[in-house]
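The values are calculated or read from the model by the stated rules, or taken from the named source; none is laboratory data. Everything quoted here is computed from the prediction, not taken from an experiment. Don't worry about glycine lacking a Cβ; one is built from the backbone with ideal geometry, like all the others, and counts go over all protein chains shown. To get the accessible areas, we keep the full protein, side chains included, count just its heavy atoms, and leave off ligands, DNA and RNA. Shrake-Rupley method; radii C 1.70, N 1.55, O 1.52, S 1.80 Å.
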Amino acid sequence: MTKALDFSLADRKAELLRWLSEEGRFAPDTGGLLEMLCEKFTVLGAPIARATVHVRTLHPEFRGVSRIWRRGQSTEFRTSRHGIESTSDYQNSPLQYVIETGQWLDTVLSEATDRRFPILATLRAQGITHYVMAPLIFSNRIVNAISWGSDAPSGFREADVELFRYLVPTFAPVLEVTAGRRIYAELLATYVGRDPCARIMAGAVQRGNVHHIKAAMLLADLRGFSRLTDELPEQRIIELLNAFFDLVVPGIIGSEGDILKYIGDAVIAIFPVTGDDPARACELALAAAQTTLAALQASPPEVQQHISIDIALHYGDAAYGNIGSGNRLDFTAVGRDINILSRLELLCKDVGRPLLMSGAFAAEVATPVVEIGHFELRGFRQHQSLYGLCQDGEVPGAPTWTDGV
């Protein structure tokens, strides 16, 4: 530290710029970048005890993400939900001031700052003596922020704050690129799913770039949707669809499944098989289906009045990857077994069961099942044996299955 204090301000600026261009821009994420930055500032003699970065994001649930670095501790990750700008936590905060004014905040903490920015009273109680927050303006002109706090009795020196001011114009584009990798990956995952997102971000972007997978497959459908669209206004239909998806999706995500598609009033999900044994994938898919049906049973009467759910489960093969034309592609799963899955779901209403399984699927789960019968599936020459979960008084039977029987 003593040696760092002997650096001239020009030397400190030059070293900071060298670090940012040669090392900082390769940080794996915003948390790593903040940690590296604070370590560099410490080496250069700035008495930093706490630092944060706050970045707006593109996410259906969260307005922004924050990373909080504290000396000697692991960097904390926080998310803020949409609407936080109307809460007391945001109002009269340094973050609100910096983002809405675009100005720096540089203040020695005192009772006066406690009254102006109540959150600073908490930091002062933790030993922070001097607080600096700066706007970081990205290329889309959205204002983000970075802050530094010192616990030195005299706070930051003028040269430290000048070093912060020197850093910000060059740090903002590095942070934008680093944060952007996460932001756009999360945005892509929101619309195509987690596994397709990972594959696309890894370079699987050309048409015909597909691979063959074995997977348990789930299709959940909102029964009677056409009737609902005829009886109810559009806004109510949207509310019911979202309520339906809220019943289905958490169980799939919680069981490690990937949502492939929302097709109108239906959800298609896959549970890829890892290794040679499909039993775990099928058990996870069945757990997701049971979670959905249990959530429906526990939902309010006004939801159950309009929502009935049919679920089909199947195990088989699919071609998984890019299809489409030109520069408009879709990352999806296609194939014979996907079509079987959709035909199974259509039979739920006919047989009076909310959950149907193919023989291929039922053979892989330990839960007792009962054979419903053999059925012709539209478009397929051979019949399929269908199974359901055992209900009161039904005798379970061991499913037998051969392809196409």
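Tell me whether the range 73-96 contains one or more residues that are closer than 19 Å to Pro169 by Cβ, assigned to a helix (DSSP H, G or I) and among the charged types (D, E, K, R). No.
Residue count for the range 210-224, restricted to those that are open to solvent by less than 90 Å² (accessible area, probe 1.4 Å) and over 23 Å from Gly264 (Cβ atoms): 3.
Under the condition of being over 23 Å from Pro28 (Cα atoms) and within 29 Å of the chain's Cα centre (by Cα), the residues counted in the range 135-183 number 1. Here Ala172 meets each of (1) open to solvent by less than 40 Å² (accessible area, probe 1.4 Å); (2) more than 17 Å from Ala333 (Cα to Cα); (3) touching a helix residue (DSSP H, G or I) at 6+ places or on another chain (Cβ under 9 Å) with one exception, condition (3). Of the residues Val132, Val168, which is under 19 Å from Asp114 (Cα atoms) and not in a loop (DSSP other than H, G, I, E, B)? The conditions single out Val132. Checking each residue in the range 204-234 for being in contact (Cβ under 8 Å) with a residue 24 or more places away in the chain and β-branched (Val, Ile, Thr) picks out Val205, Val210, Ile213.
One line per residue, one yes/no per condition, for (1) surrounded by fewer than 20 Cβ atoms within 10 Å (Cβ to Cβ); (2) closer than 26 Å to Asp350 by Cα:
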{"residue": "Ser255", "(1), (2)": "no, no"}
{"residue": "Ile270", "(1), (2)": "no, yes"}
{"residue": "Gly275", "(1), (2)": "yes, no"}
{"residue": "Leu286", "(1), (2)": "no, yes"}
{"residue": "Ala295", "(1), (2)": "yes, yes"}
{"residue": "Val303", "(1), (2)": "yes, yes"}
{"residue": "Asp310", "(1), (2)": "no, yes"}
{"residue": "Ile323", "(1), (2)": "yes, no"}
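Taken over the range 65-86, the residue count meeting the criterion of being over 24 Å from Glu100 (Cβ atoms) and among the β-branched types (Val, Ile, Thr) is 1. So which residues in the range 336-383 are in a loop (DSSP other than H, G, I, E, B) and open to solvent by less than 40 Å² (accessible area, probe 1.4 Å)? Once the filter is applied, which keeps residues that are in a loop (DSSP other than H, G, I, E, B) and open to solvent by less than 40 Å² (accessible area, probe 1.4 Å), the range 336-383 yields Arg353, Val365, Leu377. Among Arg227, Arg199, Arg236, Arg207, which is open to solvent by 60 Å² or more (accessible area, probe 1.4 Å), charged (D, E, K, R), part of a helix (DSSP H, G or I) and farther than 20 Å from Ser308 by Cβ? Of Arg227, Arg199, Arg236, Arg207, the one residue that is open to solvent by 60 Å² or more (accessible area, probe 1.4 Å), charged (D, E, K, R), part of a helix (DSSP H, G or I) and farther than 20 Å from Ser308 by Cβ is Arg199. Would you mention how many residues in the range 136-150 are surrounded by fewer than 20 Cβ atoms within 10 Å (Cβ to Cβ) and in contact with a strand residue (DSSP E or B) (Cβ under 8 Å, 6 or more places away or on another chain)? Number of matching residues: 4. Considering the range 1-68, the qualifying helices (runs of 4 or more DSSP H), each wholly inside and each with 3 or more residues that are of a type in the set (D, E, K, R) and open to solvent by 20 Å² or more (accessible area, probe 1.4 Å), run over 9-22, 30-43.
When Asp276 is tested against the conditions (1) outside any strand (DSSP E or B); (2) under 25 Å from the mean Cα position of the chain (by Cα); (3) farther than 27 Å from Leu241 by Cα, the lone failure is (2).
Selection of the range 175-191 for residues being touching a residue at least 24 places away in the same chain (Cβ under 8 Å) and either open to solvent by 30 Å² or more (accessible area, probe 1.4 Å) or in a strand (DSSP E or B) (or both) yields Glu176, Val177, Arg181, Arg182, Tyr184, Glu186, Leu187, Thr190. Return the residues of the range 366-376 that are within 17 Å of Ile340 (Cβ to Cβ) and touching a helix residue (DSSP H, G or I) at 6+ places or on another chain (Cβ under 8 Å); say none if nothing qualifies. Answer for the range 366-376, where residues must be within 17 Å of Ile340 (Cβ to Cβ) and touching a helix residue (DSSP H, G or I) at 6+ places or on another chain (Cβ under 8 Å): Ile372, Gly373, Phe375. Once the range 101-125 is narrowed to residues that are free of Cβ contacts under 8 Å to residues at least 12 places away in the same chain, closer than 17 Å to Gly155 by Cα and among the charged types (D, E, K, R), the residue that is least open to solvent (accessible area, probe 1.4 Å) is Asp114.
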